[in-house]
Amino acid sequence: MAAAPPEGWNRLPRIPAAGGVSRPVQAVVTAPRLLEGAGFPVRRPFPGPGIGFREADPFLLLDHMGPVDYGPGEAKGAPWHPHRGFETVTYMLEGVLRHQDSHGGGGVIAGGDTQWMTAGAGILHDEMPDGELVARGGRFHGVQLWVNLPRVLKWTPPRYQSLAAAEVKYLTTARGDGLVRVIAGAVAGVRGPGRTWTPVTVVHVSLEPEAELSLPWPPAYNALAYVLEGSGTAGPERVLVHDGQGIRFGAGDRLCFAAASRPGGSTGRLEVLILGGQPLREPVAAYGPFVMNTHAEIVEAFRDFEAGRMGRIPPAAGADDA
């Protein structure tokens, strides 16, 4: 896994082993498999049964891309398409993804990097695997998260954040046997580099075999997790979980995880993405690439897209990307 722990990570600041109320597990869902974009495989733990829009709020969707080993010419992406009303967060663990958009944003997202794009009032963008990966094949592994914007911010101008792996903030477990990467929000007083419009926290946790984590979590936030690789337990009930499963937690102020004695997976660790935020509690009208508050706003989004009011594909992009 390219989003690898830094050298000497067990000497990083440790999360205090403080008390508190551990959030119980309310649902565990096994993410269904489907194809997205031009036909690349994903697993989607939400939205769906057990974790719907209301439970995930302020998050809308999570797609786990891979892990997959592509042969030459097999890698696919998501060619030019529009978005309005929310943000897309792409976190790459292995492989390289290239992004460009109709507002001049873009860049390369490699192992450990995050792209945080605010679609806001509307944007066109293109997400494709690196040309060398397409030509030669190779490992591809990442996630894309959709974060909703409140009604008052759905018309905000588009914004692009490129968060390099080196910018991520790190903590370790109380025993120094697990790593917590803080991508956005704050954990135990350590704040990640991602700028968010509403209170949101996104972290990636790696736990060594038999390691345990008790993570402080704001009581006002919801709490979700997704197992990227490996196996272990979640919650005070020690519910068994494994790769490809989403977890929804109840009320409390701490999140508990433990890695199995032999977690499996490519890293030999329990790898978990943990998400939470202040719920917006607003109506959600979602259709394809647009997320608004009413059906009329969805109709308006399609009209604006068709009229070119969300931007146009840059001429340099070429006809092959259109």
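Bear in mind these aren't lab numbers, they're just calculated from the coordinates by the rules spelled out. Keep in mind that this is a model prediction, so the values were computed, not measured. In this analysis, Cβ positions are derived from the backbone assuming ideal geometry, glycine residues included, and neighbour counts consider all displayed protein chains.
Observations
- With R₀ fixed at 25 Å, the C-beta to C-beta distance from Arg11 to Ala164 puts the FRET efficiency at about 0.70.
- Considering only beta bridges that DSSP places wholly inside the chain, some 95 percent are antiparallel.
- Ranked by how many other beta carbons lie within 10 Å on average, peptides 223-232, 147-156, 205-214 from highest: 223-232, 205-214, 147-156
- Estimated purely from DSSP H runs of n ≥ 4, each contributing -39500 (n - 2.57), the mean residue ellipticity at 222 nm for the chain is -2000 deg cm²/dmol once divided by its residues.
- The angle separating the long axis of helix 295-306 from the principal Cα axis of greatest extent in the chain is about 60 degrees.
- Each peptide in 39-47, 179-187 was scored by the mean count of other Cβ atoms within 10 Å over its residues; highest first, the order is 179-187, 39-47.
- FRET efficiency estimate (nearest 0.05) - Cβ-Cβ, Ser266 to Glu300, R0 45 angstrom: 0.50
- Sparse packing (at most 15 other Cβ atoms within 10 Å of the Cβ) combined with a DSSP loop state is found for the following trypsin sites (Lys or Arg not before Pro) in the stretch 224-301: Arg238, Arg281.
- Here is the list for the stretch 232-322: GluC sites (Glu not before Pro) lying in DSSP coil, each with at most 16 other C-beta atoms within 10 angstrom of its C-beta, are Glu237.
- Dipole magnitude for the chain: computed about the Cα centre from +1 point charges on Lys and Arg Cβ and -1 point charges on Asp and Glu Cβ, it is near 760 debye.
- Residue ranges 113-120, 194-201 sort as 113-120, 194-201 when ordered by packing (mean number of other C-beta atoms within 10 Å per residue, highest first).
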